[in-house]
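Step one of this worksheet: look at the structure below.
The values are calculated or read from the model by the stated rules, or taken from the named source; none is laboratory data. Computed from a predicted model, the values in this text were never measured in an experiment. Cβ sites come from the backbone with ideal geometry, for glycine too, and all protein chains shown count toward neighbours. Accessible surface areas use protein heavy atoms only, side chains included; no ligands, DNA or RNA. Shrake-Rupley method; radii C 1.70, N 1.55, O 1.52, S 1.80 Å.
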Amino acid sequence: MLYSSNKSPRLLLGSLLFCSFLPVTAEIRPFDIVMQPSEGDIHYTGGYIRGPGSIDLSDLTFEAISEAFVSQGDDFVDGDDNMGDPPRHERHLMPTERMLDGGIETESFMVDIAVFQMSDACAKNKDCDLTQFGVGGRTEDGNLRWCCSEDAIDFGLCPEDRLGRLIMHEDLLKGQTGSISIPFAGNSKKRLRNGEFELEESSRYVVVFSNCNGDGRDIRVTGHLIWHSTHGYLPGELYGFMYFYILLTIVYAVLMCWFGLLMQANKESRIPIEKWIFMTIIMGSCEMFFRSSDYFLWNVRGTRPTLLLYGFIIVGVLKRGVSRALLVMVSLGWGVIKDSLGSTMNSIVVLAAAFTGVSAFRDLMMVFAEEDMTTLSDDQEHELFDIVTILTFIVAAIDVIFILWILDALNGTMQYLENNSQLRKLARYLRLRTILLCAILFATIWVVFSLVNSYNKDAIVREEDQWIVDGATKVNYLFVLIGICILWRPNPSAREYAYVMELPASGGEDGETELELSAAVPSAMDDDDDDFPAEKFDDENGEHDHRFKIDEGEAS
């Protein structure tokens with residue numbers, strides 16, 4: 001996750017913040033970039049540390065790769081590790097001033113490194129200016145300068161002895177600095193002798209690399225950049241998710257066992273919608289297991305298991321697609337007033353498949369964009385993000401279709417039950433409506449809270465506790481799923497309940513109204529959903545069929 005920029009700090013922070021919401025590849029990060037000598041470029045990477053922690057650059061190798069004089073010195077040497085400014089005579093030397101003694105390089109330029117803390121307010125503000133943290137500077141007319149060039153000196157942004165170096169203001173820089181000297185000619189491959197930066201505070205940190213000497217050489221940096229928090233290698237802002245997902249895995253496992261045992265105990269009266277509910281629970285259990293295992297291994301090993309990463313992405317989008325289909329099914333009254341959805345089932349499956357396919361493609365594209373960020377040009381990155389934006393709008397459009405369909409179907413089903421005095425079945429749908437309204441109300445409030453938390457300079461929730469904001473939506477989803485599981489739980493009379501209608505009976509002596517059941521239920525295959533016979537008529541003798549006499553049927 002390394003980036004190069006010659007743009008304004010606003011664009012720099014914008015791309016950094018955008019990428020911070022994407023899945024990062026690892027906290028032992030593979031590193032392979034080429035820093036060309038430029039007065040307008042810096043390279044940076046960021047992450048969140050739960051203190052006390054560290055950022056270790058000791059494994060990084062800085063190798064000069066451009067054509068130059070081949071020295072007779074050692075092929076590999078430990079580099080200078082200057083925590084602060086190097087001696088004045090090493091700070092900047094032009095190639096015309098080089099002095100070679102028997103092929104041994106005696107003059108060098110500097111590669112600067114800065115590790116500094118970014119405030120929570122700035123991390124949430126896309127208009128945040130990096131220069132306020134002591135890196136780079138602005139001229140009077142607002143132009144940005146990263147490196148100490150001749151015109152930057154003329155503008156008073158840096159002293160003359162910093163020519164060819166990264167502009168850093170020690171009075172503003174809340175962090176640590178280092179540097180490596182690279183000879184103007186000859187083979188050179190160096191490492192920081194003491195490259196571990198100890199960090200005490202929990203915060204988001206940025207690591208900046210610069211090759212500011214325009215007359216210097218191309219530097220290839222390879223190795224691993226290691227971010228370590230007090231709990232392990234897992235990014236600090238994701239640590240809370242690990243235990244949260246473990247807890248949800250246990251809840252899903254208990255729900256799956258309970259519903260599965262009920263299905264097995266009442267298999268003789270099983271109805272089709274129970275299988276869809278159970279399938280949703282299984283996929284939810286698998287997703288939470290994959291997520292918790294992914295974060296646990298990530299925290300211990302420092303690298304992310306690819307199989308688990310793609311596993312929970314695919315299973316997660318499948319679960320979301322099936323969940324939406326399930327809500328449409330129960331809203332249409334399948335298993336309560338209809339024994340079959342007919343051709344409507346095909347429409348539900350097609351829409352759910354479209355949602356799943358587009359969502360999966362979008363999520364995988366986001367992972368691809370993040371993992372390959374170091375090898376893509378700026379244009380390619382923007383193209384990927386544009387595709388992700390388009391796919392997000394498509395997913396949102398399909399979601400709107402599902403929501404409107406669910407609300408319309410739920411309203412139609414409840415109206416039908418009320419018109420036909422199906423009181424017990426109506427009571428079930430009143431409970432379902434209450435559950436959905438509570439979930440919608442909570443989601444609305446939480447969205448408003450999330451927006452306020454995101455755009456408010458003084459964040460309500462600290463970044464290391466940001467998992468609570470995202471985790472609440474998963475709890476809300478689980479609340480709806482558990483509600484449906486309870487309302488449609490398997491029981492010995494489930495089949496009879498689905499395939500009979502309630503009819504009002506004559507009042508008793510005490511004036512109370514009894515309920516009776518009729519064998520006729522509506523189906524999606526019926527032409528008229530509003531007219532269902534309460535009794536079966538015998539065509540031969542013109543009398544009623546006594547198998548379902550009203551005065552003999554009693555509600556159970």
Consider region 122-132. How many of its residues are open to solvent by 20 Å² or more (accessible area, probe 1.4 Å), modelled with pLDDT of 65 or more and not polar (S, T, N, Q)? 1
Within region 424-442, which residues are surrounded by 15 or more Cβ atoms within 10 Å (Cβ to Cβ) and not charged (D, E, K, R)? Leu426, Tyr429, Leu432, Ile435, Leu436, Ala439, Phe442
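Among what's in region 348-365 and is open to solvent by less than 50 Å² (accessible area, probe 1.4 Å) and among the hydrophobic types (A, V, I, L, M, F, W, C), pick the residue that is modelled with the lowest pLDDT.
Met365
Hey, any hits in region 170-177 for a residue that's open to solvent by less than 20 Å² (accessible area, probe 1.4 Å), modelled with pLDDT under 85 and over 31 Å from the mean Cα position of the chain (by Cα)? Give the steps one after another, and end with the answer.
Of region 170-177, the ones open to solvent by less than 20 Å² (accessible area, probe 1.4 Å) are none.
There is no residue in region 170-177 that is open to solvent by less than 20 Å² (accessible area, probe 1.4 Å), modelled with pLDDT under 85 and over 31 Å from the mean Cα position of the chain (by Cα).
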Suppose the filter is charged (D, E, K, R), touching a residue at least 24 places away in the same chain (Cβ under 8 Å) and part of a loop (DSSP other than H, G, I, E, B); does Asp161 pass it? no
Could you please let me know if Ser269 is surrounded by fewer than 18 Cβ atoms within 10 Å (Cβ to Cβ) and not hydrophobic (A, V, I, L, M, F, W, C)? yes
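Of the residues Leu261, Leu247, Leu297, which is in contact with a Pro (Cβ under 6 Å, 6 or more places away or on another chain) and open to solvent by 40 Å² or more (accessible area, probe 1.4 Å)? Working first, answer last.
Details: Leu261 fails: in contact with a Pro (Cβ under 6 Å, 6 or more places away or on another chain); Leu247 fails: in contact with a Pro (Cβ under 6 Å, 6 or more places away or on another chain).
Just one listed residue meets the conditions, Leu297.
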Which of the residues that make up region 135-158 are part of a loop (DSSP other than H, G, I, E, B) and among the β-branched types (Val, Ile, Thr)? Thr139
Would region 302-319 turn up any residue that is open to solvent by 20 Å² or more (accessible area, probe 1.4 Å), of a type in the set (Gly, Ala, Ser) and touching a helix residue (DSSP H, G or I) at 6+ places or on another chain (Cβ under 7 Å)? no
Taking the condition out of contact with any Phe, Trp or Tyr (no Cβ under 8 Å at 6 or more places or on another chain) and either of a type outside the set (D, E, K, R) or closer than 18 Å to Ile250 by Cβ (or both), does Ile313 pass? yes
